[in-house]
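S.K.: The structure under discussion is supplied below as structure tokens; questions concerning it will follow.
The values are calculated or read from the model by the stated rules, or taken from the named source; none is laboratory data. Computed from a predicted structure; not experimentally measured. A quick note on method: Cβ atoms are made from the backbone with ideal geometry, for glycine too, and the neighbour counts reach across all protein chains shown. Keep in mind that these areas ignore ligands, DNA and RNA; they rest on the heavy atoms of the full protein, side chains included. Shrake-Rupley method; radii C 1.70, N 1.55, O 1.52, S 1.80 Å.
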Amino acid sequence: QVQLVESGGGLVQPGVSLRLSCVVSGRMFSVHDMNWYRQAPGKQRELVATITGSGGTNYADSVKGRFTISRDSAENTMYLQMDSLKAEDTAIYYCNASVSFHSNYYSGEYDYWGQGTQVTVSS
């Protein structure tokens with residue numbers, strides 16, 4: 001079994017920073033692409049940022065220049081550094097990872113999701 005656990009959300013004022021963390025735990029697996037998604041009340045879930053297994057990154061236009069995605073492969077941890085936060089960044093942020101298993105009985109990649117962490121940006 002594989003689990004993803006997010007942390008680091010909270011209530012902050014506009015213009016400040018937060019860093020979200022996502023820890024992937026389990027046995028006999030490899031993590032490939034990882035993503036941060038977010039969902040605001042009444043809106044569709046959107047892809048915020050992606051980091052590939054080789055370290056390549058992509059960002060939604062709404063967060064380019066403000067957010068930075070990174071990973072520590074040795075610790076199976078992904079981060080989202082969020083700077084210059086705006087009210088429109090308010091959402092539940094979800095960690096997502098594509099995982100393969102070190103087994104002859106399982107092939108391909110499987111998506112796993114964290115439970116989400118709330119980020120609220122308000123004056």
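S.K.: Report the Rg/Rh value for the range 1-67, based on alpha-carbon coordinates and the Kirkwood definition of Rh.
M.R.: A ratio of 0.99.
S.K.: Taking all protein chains together and a probe of 1.4 Å, list VAL119, VAL5, VAL12 from the most accessible to the least accessible.
M.R.: Solvent-accessible surface, decreasing: VAL5, VAL12, VAL119.
S.K.: Moving on. Could you check the simple spin-label distance between THR68 and TYR105, using points 7 Å along Cα→Cβ, in nm with one decimal?
M.R.: Placing both labels 7 Å along Cα→Cβ, they lie 4.3 nm apart.
S.K.: Return the sequence-ordered ³J(HN,Hα) values of the range 109-122 in whole Hz as given by the Karplus equation 6.51 cos²θ - 1.76 cosθ + 1.60 applied to θ = phi - 60°, using x for Gly and Pro.
M.R.: Once θ is set to phi - 60°, the couplings for the range 109-122 become 10, 10, 8, 10, 10, x, 7, x, 9, 7, 10, 10, 10, 8 Hz.
S.K.: Further, regarding this structure: Within the accessible area of the chain, what % is carbon and sulfur when the probe is 1.4 Å and the other protein chains stay in place?
M.R.: C and S atoms contribute 45 percent here.
S.K.: Placing unit charges on C-beta atoms (Lys and Arg positive, Asp and Glu negative, everything else neutral), compute the dipole magnitude of the range 4-123 about its Cα centre in debye, rounded to 20.
M.R.: About 160 debye.
S.K.: Further question on the same structure: Could you give the size of the charge dipole of the range 31-99 about its Cα centre, using +1 on the Cβ of each K and R and -1 on the Cβ of each D and E, expressed in debye and rounded to the nearest 20?
M.R.: Its charge dipole is roughly 180 debye.
S.K.: Work out the charge dipole of the chain with +1 on the Cβ of Lys and Arg and -1 on the Cβ of Asp and Glu about the Cα centre, then indicate which of GLY42, TRP113, SER7 is farthest towards its positive end.
M.R.: Value computed over the given set: GLY42.
S.K.: Starting from the Cα-Cα distance between GLN13 and ARG27, subtract it from 0.36 nm times their residue separation and give me the gain in nm to one decimal.
M.R.: Computed gain between GLN13 and ARG27 is 1.1 nm.
S.K.: Just to be sure I follow: if Rg is taken over the C-alpha atoms of the chain and Rh is the Kirkwood radius over the same atoms, what is Rg/Rh?
M.R.: Across the chain, the Cα-based Rg/Rh ratio is 0.99.
S.K.: With θ set to phi - 60° and the Karplus curve 6.51 cos²θ - 1.76 cosθ + 1.60, what are the ³J(HN,Hα) couplings of the range 29-38 in order, to the nearest whole Hz, using x for Gly and Pro?
M.R.: 9, 10, 9, 9, 5, 10, 9, 10, 10, 9
S.K.: Can you tell me the accessible area per residue over the chain, all protein chains present, probe 1.4 angstrom, in square angstrom?
M.R.: Computed with neighbouring chains in place, this is 56 Å² per residue.
S.K.: Output ³J(HN,Hα) for the range 41-52: one whole-Hz value per residue in order, computed from phi by the Karplus curve 6.51 cos²θ - 1.76 cosθ + 1.60 with θ = phi - 60°, and x for Gly and Pro.
M.R.: Per residue, the Karplus-derived 3J(HN,Hα) values read x, x, 10, 5, 5, 10, 7, 8, 7, 10, 10, 7 Hz.
S.K.: On to the next question. Quick one: net charge around GLN3, please, counting Lys, Arg +1 and Asp, Glu -1 for every other residue with C-beta under 15 Å from its C-beta.
M.R.: Once positives and negatives cancel, what remains is -2.
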